[in-house]
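Structure first, commentary second.
The values are calculated or read from the model by the stated rules, or taken from the named source; none is laboratory data. The structure presented is a predicted model; accordingly, all values stated were derived computationally and were not measured. As a convention, Cβ positions derive from the backbone with ideal geometry for all residues, glycine included, and neighbour counts pool all protein chains shown. Calculation scope for accessible area: heavy atoms of the full protein, side chains included, ligands and nucleic acids excluded. Shrake-Rupley method; radii C 1.70, N 1.55, O 1.52, S 1.80 Å.
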Amino acid sequence: MNFDLTEEQELLQETVRQFASNVCTSTRRRAIFDDKDGHDTELWRGLLELGLGAIAVPDEFGGAGLELLDLALAAEVLGAEAVPGPFLGHSLAGLAILHAGSDAQKKTWLPKLASGERLGTIAFAEGDGRWQPEDWTLAGGATLEGVKAHVPFGAQADLFVVGTRGGRLALCERSASGLVVEPLPGIDRTRRIAELSLANTPCELMPGGPESVMRVRDAALVLLAADAFGGASKLVDLSVDYAKARQQFGVTIGSFQGLKHQLAAMAVEVEPARGLYWYAAYAFDHVPAEAERSAALAKSHLTQVYMQIARDAVEAHGGIGYTWECDVQIYFKRAMFDRAFLGTPGAHRERAAALAGW
């Protein structure tokens, strides 16, 4: 049995990696990071032309018809290169319509999301950390009234998939009356967030029940875990490269035994965790009985590892690691986003334990 990636999957990652290396340079990434809007439409269009908006969309709707694992492999590379943009929210909006939408909703929206004609996002979070579908309180109906927080690229989105009471979803268009979006000052400036206010806003309810919504949540956890793995791996590489180049007392700091041990410990923490997100993504499409728990485990462990590796990378870089001029601070903030979005590692460890009957 082959547990490795296929040639096509390796080519997908290499294509995205090459694009990010050529187009999303450190200078460009920093310009987007510092920009007020934070959305580079040309960069996003380039990713769409690679097919990233269509990976998990069925071919009958203009997509590639691939699986969550393929989408997660792309997320890993985007995380490794800290590529700014609305990939996460847009991908999840498509998955939500695919798994919870009606045939008419799929026919209307999936081709537009796959091509990038419309930008989609999700609006799940409510105040006081209510991320999970069972905790949503916003009432669903012909119109919506309430507030959603931490909406990825809400200021730029054309279509919102809104979580409602009872673990259901509704579609709201940007042009709907009573819909107001207010940008929020998030820590991760490569993935901007906003607050979505709905005042008697007309919407279109999605027929999928709580089970469909749980699958969308699980897919989101897998994508966050994949991003975290990519970012953590990159931080190990950056720290090793810095240790080889930085000199102190006439020698490279990589020759110091204490730093050698720290770098080795970082690598050992990261690489074995790759299988967590691979399996969670695989289970999503092939082992549904294990999908929910696998997603919770992947998110809880990998985002925690990413956060610790980010701290270790700052230490490995010394004083420069704390500065705005060092790329480590960008990854540190992405680690904070991955850890917090859709619930903390502790919350998902508790879910995993409950799902295992502990």
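The order of the peptides 77-86, 146-155, 102-111 by mean Cβ neighbours within 10 Å, most packed first, is 77-86, 146-155, 102-111.
Considering only Phe3, Leu113, Gly163, the residue lying farthest towards the positive end of the dipole of the chain is Gly163, judged by Cα position with unit charges set on Cβ. Evaluated at q = 0.10 Å⁻¹, the base-10 log of the normalised Debye intensity for the chain, with identical point scatterers placed on the Cα atoms, takes the values -0.59. Descending by average beta-carbon neighbour count within 10 Å, the peptides 192-205, 35-48, 287-300 line up as 287-300, 192-205, 35-48, the highest first.
May I ask for the distance between the Cα centers of region 1-51 and region 264-288, given as a whole number of Å? The two parts, judged by their Cα centres, are 21 Å apart. Across all directions, the shadow cast by the convex hull of region 38-80 built on its C-alpha atoms averages 3.3 square nanometres. Across region 266-352, Cα-Cα distances exceeding 19 Å account for 45% of all pairs.
Taking the protein heavy atoms of the chain in the context of the full set of protein chains, the accessible area attributed to carbon and sulfur is 53 percent at 1.4 Å. Only the Cβ atoms of Lys and Arg (+1) and of Asp and Glu (-1) were treated as charged; on that basis the dipole of the chain about its Cα centre amounts to roughly 760 debye. In this structure, Thr6 and Ala142 have a Cβ-Cβ separation that, at R0 = 41 Å, corresponds to a calculated FRET efficiency of about 0.35. Per residue, the Cα convex hull of region 213-267 amounts to 61 Å³.
Solvent-accessible area per residue in the chain equals 43 Å², computed with a 1.4 angstrom probe and all protein chains kept. Helical content alone sets the calculated 222 nm signal of the chain at -18000 deg cm²/dmol, taking -39,500 (n - 2.57) per DSSP H segment of four or more residues and averaging over every residue.
The Kirkwood hydrodynamic radius of region 1-138, based on inverse pair distances between different Cα atoms, is 16.2 Å. At 1.002 mPa s and 20 °C, plugging the Kirkwood radius over alpha-carbon pairs of region 77-222 into Stokes-Einstein gives what diffusion coefficient in µm²/s? My calculation gives 143 µm²/s for D.
Size descriptors for region 57-119, from the alpha-carbon set: Rg then Dmax equal 11.9, 37 Å.
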